[in-house]
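Asks: Have a look at this one.
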Amino acid sequence: MKITFLGTGTSYGVPVIGCECAICQSTSPRNKRLRSSLLISIDNKNILIDTTPDIRTQLLKTQTKHLDAILFTHYHADHILGLDDVRIFNRIQKETIPCFALNNTIETIQSIFGYAFDPKTPEGGGLPKLTLHTIDKPFDLFGKTVTPVHVLHGKLPIIGFKWNNFAYVTDCSFMPEESKKLLYKIDTLVLNGLRYRPHSTHFSIGESLEIIKEIQPKRAYLTHLSHDVDHENLEIKLPDNVQIAYDNLSLKIQD
């Protein structure tokens, strides 16, 4: 199993438009963050988590040639608004792409991208062809069990995703005990850490580190980072088993 961080930034991305702070002006490539998304490659299948507004650029950078499924953590704009760009894969593969999400995300996708599901829509330059699947429990995807990890994003129920030895959780501000138990001593955990200061809908870096300490993964990666965070300055302060994810970082995960 290979994972690639397509983006590790917040909804604004980094640099932020109009900002002249030190991070936004940084020349370090690890302080350049597209909106958060992940590509998972397993058994010659490519699975995308979230379709950000940057998805075209992200998939061009990784030279992704096929896309076999899409998982959505939730329906906010920075996680779904690039969905139309996957239609090139329909053209290449000549098949629909299965998509998996909570019911509220499915309903939002059907509303925002209603033209893609309306049989009266003229084809024009092509439409994304998708099959939508509502999930809230473990499900089979290409012969592997994927388990939704239920968390809160402020007051909004959202999900992360867990395979056997790997889990990806972003935009989380509260993790219930059942989800902590589900992730306990997992090999690799990806968790959001927005900034140093508290935030009403995201874990701060300190809160993320506390959750990581509880869960005790072998290794953890922080993602969904704002322009308050300088990669190099944070990296030297982290525990030995915690690192900072950055755009285009690829990891091998033992099954």
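Computed from the coordinates by the stated procedures, all read-outs in this text should not be read as laboratory data. All figures in this text were calculated on a predicted structure; none of them were measured in a lab. Positions of Cβ are backbone-derived with ideal geometry, glycine not excepted, and every protein chain shown enters the neighbour counts.
Asks: Looking at the structure I just gave you, is Phe142 of a type in the set (Phe, Trp, Tyr) and under 24 Å from Leu67 (Cα atoms)?
Replies: Criteria met by Phe142.
Asks: Considering region 151-183 alone, what residues qualify as being within 24 Å of Ile97 (Cα to Cα) and not basic (Lys, Arg)?
Replies: Passing the criteria: Ile158, Ile159, Gly160, Phe161, Trp163, Asn164, Phe166, Ala167, Tyr168, Val169, Thr170.
Asks: For region 53-109, which positions are outside any loop (DSSP other than H, G, I, E, B) and basic (Lys, Arg)? Give the derivation first.
Replies: Within region 53-109, the first condition is being outside any loop (DSSP other than H, G, I, E, B), and the residues that meet it are 55-61, 69-71, 77-80, 83-93, 97-101, 103-109.
Those that are outside any loop (DSSP other than H, G, I, E, B) and basic (Lys, Arg): Arg56, Lys61, Arg87, Arg91.
Asks: Another question, if that's okay. Report, by residue number, each residue of region 1-39 that is part of a loop (DSSP other than H, G, I, E, B), under 21 Å from Leu83 (Cβ atoms), touching a Lys or Arg at 6+ places or on another chain (Cβ under 8 Å) and not polar (S, T, N, Q).
Replies: Gly13
Asks: Looking only at region 229-249, how many residues end up being closer than 13 Å to Arg30 by Cα and of a type in the set (D, E, K, R)? Explain how you work it out, then say what you get.
Replies: Residues of region 229-249 that are closer than 13 Å to Arg30 by Cα, as a first pass: 229-235, 243-249.
Subset that is of a type in the set (D, E, K, R): 230, 232, 235, 247.
The qualifying residues number 4.
Asks: Taking region 100-115, which residues are aliphatic (A, V, I, L, M) and over 17 Å from the mean Cα position of the chain (by Cα)?
Replies: Correct list: Ile112 only.
Asks: When you scan region 206-241, how many residues do you find that are surrounded by 17 or more Cβ atoms within 10 Å (Cβ to Cβ) and farther than 22 Å from Arg35 by Cβ?
Replies: Qualifying residue count, region 206-241: 5.
Asks: Looking at (1) in contact with a strand residue (DSSP E or B) (Cβ under 9 Å, 6 or more places away or on another chain); (2) surrounded by fewer than 15 Cβ atoms within 10 Å (Cβ to Cβ), can you tell me which one Ile92 breaks?
Replies: (1)
Asks: Among the listed residues Thr170, Thr147, identify the single one that is farther than 23 Å from Ser11 by Cβ, under 16 Å from the mean Cα position of the chain (by Cα) and crowded, with 18+ Cβ neighbours inside 10 Å.
Replies: The conditions single out Thr147.
Asks: Condition (residue is in contact with a helix residue (DSSP H, G or I) (Cβ under 8 Å, 6 or more places away or on another chain) and of a type in the set (Lys, Arg)) applied to region 69-90: is it met by at least one residue?
Replies: The answer is no; no qualifying residue exists.
To keep it simple, each residue is scored yes or no on (1) within 19 Å of Leu141 (Cβ to Cβ); (2) touching a His at 6+ places or on another chain (Cβ under 6 Å); (3) crowded, with 23+ Cβ neighbours inside 10 Å.
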{"site": "Ile3", "(1), (2), (3)": "yes, no, yes"}
{"site": "Gly7", "(1), (2), (3)": "no, no, yes"}
{"site": "Ser11", "(1), (2), (3)": "no, no, no"}
{"site": "Gly18", "(1), (2), (3)": "no, no, no"}
{"site": "Ile23", "(1), (2), (3)": "no, yes, no"}
{"site": "Arg33", "(1), (2), (3)": "no, no, yes"}
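Asks: On to the next question. Would you list the strands (runs of 3 or more DSSP E) that sit entirely within region 176-255 and hold 1 or more residues that are touching a Phe, Trp or Tyr at 6+ places or on another chain (Cβ under 7 Å)?
Replies: On the way: elements: 188-192, 219-223, 242-244, 250-252.
Per the criteria, 188-192, 219-223, 242-244.
Asks: May I ask you to list the residues in region 170-205 that are free of Cβ contacts under 8 Å to residues at least 24 places away in the same chain and either under 22 Å from Ser37 (Cα atoms) or hydrophobic (A, V, I, L, M, F, W, C) (or both)?
Replies: At the first step, the residues of region 170-205 found to be free of Cβ contacts under 8 Å to residues at least 24 places away in the same chain are 174, 177, 181, 198, 204.
If the condition is that a residue be free of Cβ contacts under 8 Å to residues at least 24 places away in the same chain and either under 22 Å from Ser37 (Cα atoms) or hydrophobic (A, V, I, L, M, F, W, C) (or both), then Phe174, Ser204 are the ones that fit.
Asks: Still on this structure, please answer the following. For region 106-142, which residues satisfy the criterion of being among the polar types (S, T, N, Q) and touching a residue at least 40 places away in the same chain (Cβ under 8 Å)? Can you show your working first?
Replies: Initially, region 106-142 is screened for residues among the polar types (S, T, N, Q), giving 108, 110-111, 121, 131, 134.
Correct list: empty.
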